[in-house]
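Notes follow the structure.
The values are calculated or read from the model by the stated rules, or taken from the named source; none is laboratory data. A quick note: this is a predicted structure, and the numbers were derived from the prediction, not measured. Don't worry about glycine lacking a Cβ; one is built from the backbone with ideal geometry, like all the others, and counts go over all protein chains shown.
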Amino acid sequence: MSQGQSTSQPLLSIGLPVYNGGKWLAGAVESMLDQSFSDFELLIVDNASTDNTADIARHYAAKDKRVKYHCNPHNIGLYRNFDRAFELSCGQYFKWAADSDFCLPGFFEKCIEVLEQRPDVVLAYPQAFLLIRDQMGEEVAYEYFDDFNLEDERPSERFIKYLNREKINNVMHGIIRVSALKQTSLIRPLPGSDISMVAELSLLGKFVEVHERLFVRRFDDETSSMLMSKKTAAKKDVPLGNSIRQRLDLHSYRFYSALTSPISVTEKIRVCLYLLRRVTWLRHKVMQQLVRSAIPGR
C-alpha cells in the first residue's frame, strides 16, 4: 500500500525504513522537510508497524507531496526493508534515514553540492553529534569524529582505511551516488552487513566529509543495536548477534565484493590479502571460543 505518489523525479531520494518508530518519527521527518535543499522525495517504508507509525506517516504524506508512505503487507525483516526503501526510490542520489535521528539545516545542500561538483565522489556525509543519555536520563549532545574523508586514489587504500577506522557507521547516513550504490550487494541479512556495503562502496569511489556538524544520531539502548537488550531488540525487530559463523559469512561477503568489483587485479589482490589477515585474526578468536566452551571453568 502506498500513499503520496508523484510523477516527477527528484534529484535526491531519502529512504526511511521504520518499524514501530512512532516515538521520534515526526521529529525526524520535520528535520528533513525543513532542509534548504528541497528537490527530494521522502519514502517512509513501514515494516507493518503495530504502533502509531502509520498515522504519523500518513499525516505527512497528506501534508507534503514530497513524502510518500509505503506499508509492507507483512514484516519482511529489518535488512530487507532497508533494501526495499532503496528499490522504491528514483533519485540520482540516495540517503537512508532513521526514525530516531535528525538532520540539521544545510545537511542535504552541503552534501549534494559535493556530489554535483565531484563525479569521483560516491558518498558525502557531514560530521555528527551523538545524543547520549546522562546519569539523570537527560539527552546530551556530544561531538563525534568519524574521520572517513577517504580521497585516496587507490580503491584498496580507501577500503582498508574504512574497515580499520569503522566504529558506529555514521557514514552510512550520508548521501550516496545511486549509480555506485546499484553496483553493490546492498544490505544482506546479516548483522554488520551495512558496514560491508559501505566498504564495497569505497572500492567504487571516494568519500568526502563535510566539515560541519549537520547530523544528530541518538545513541542509546533504545536506538543502537550495539547497546540495546535482547528484549528491546525483539520489540523493535532488530537482529542481534556476533557469532563466529556470522563473522565468517561477513568476511565471505567482503571477499566476494572485492573479487567482483570493477577495480584492477592488483587492487583486488591487495584487498584480498588484507582480508586474509583479518580472517587469520578471526581464526584465533574461533580457537579461543572453542577452548572456553570445551574446558570447564573457563
Quiz item: Condition test on residue 38, is it surrounded by 21 or more Cβ atoms within 10 Å (Cβ to Cβ), in contact (Cβ under 8 Å) with a residue 24 or more places away in the chain and in the same structural domain as residue 17 (by TED's automatic domain parsing)?
Solution: no
Residues in the range 88-99 that are within 15 Å of the chain's Cα centre (by Cα) and surrounded by fewer than 17 Cβ atoms within 10 Å (Cβ to Cβ) total 0
Among residues of the range 1-20 being of a type in the set (Gly, Ala, Ser) and modelled with pLDDT of 95 or more, the residue farthest from residue 98 (Cα to Cα) is 13
Checking 62, 54, 28, 48 in turn, the sole residue that is on the phi > 0 side of the Ramachandran plot and out of contact with any helix residue (DSSP H, G or I) (no Cβ under 6 Å at 6 or more places or on another chain) turns out to be 48
(1) in the same structural domain as residue 207 (by TED's automatic domain parsing); (2) farther than 30 Å from residue 132 by Cα all hold for residue 91 apart from (1)
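Which residue is surrounded by the most Cβ atoms within 10 Å (Cβ to Cβ), if the candidates are limited to the range 41-72 and must be of a type in the set (Gly, Ala, Ser) and either part of a loop (DSSP other than H, G, I, E, B) or within 18 Å of the chain's Cα centre (by Cα) (or both)?
Within the range 41-72, the match that is surrounded by the most Cβ atoms within 10 Å (Cβ to Cβ) is 49.
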Of (1) surrounded by 14 or more Cβ atoms within 10 Å (Cβ to Cβ); (2) under 14 Å from the mean Cα position of the chain (by Cα); (3) without any contact (Cβ under 8 Å) to a residue 60 or more places away in the chain, residue 175 fails just (3)
| said: On the basis of being assigned to a loop (DSSP other than H, G, I, E, B) and either at pLDDT 95 or above or of a type in the set (Val, Ile, Thr) (or both), does residue 152 make the cut? | reply: yes
Exercise for review: Report yes if residue 99 is acidic (Asp, Glu), assigned to a loop (DSSP other than H, G, I, E, B), farther than 23 Å from residue 29 by Cα and in contact with a helix residue (DSSP H, G or I) (Cβ under 6 Å, 6 or more places away or on another chain), otherwise no.
Suggested key: no
The condition from (1) part of a loop (DSSP other than H, G, I, E, B); (2) modelled with pLDDT of 70 or more that residue 253 misses is numbered (1)
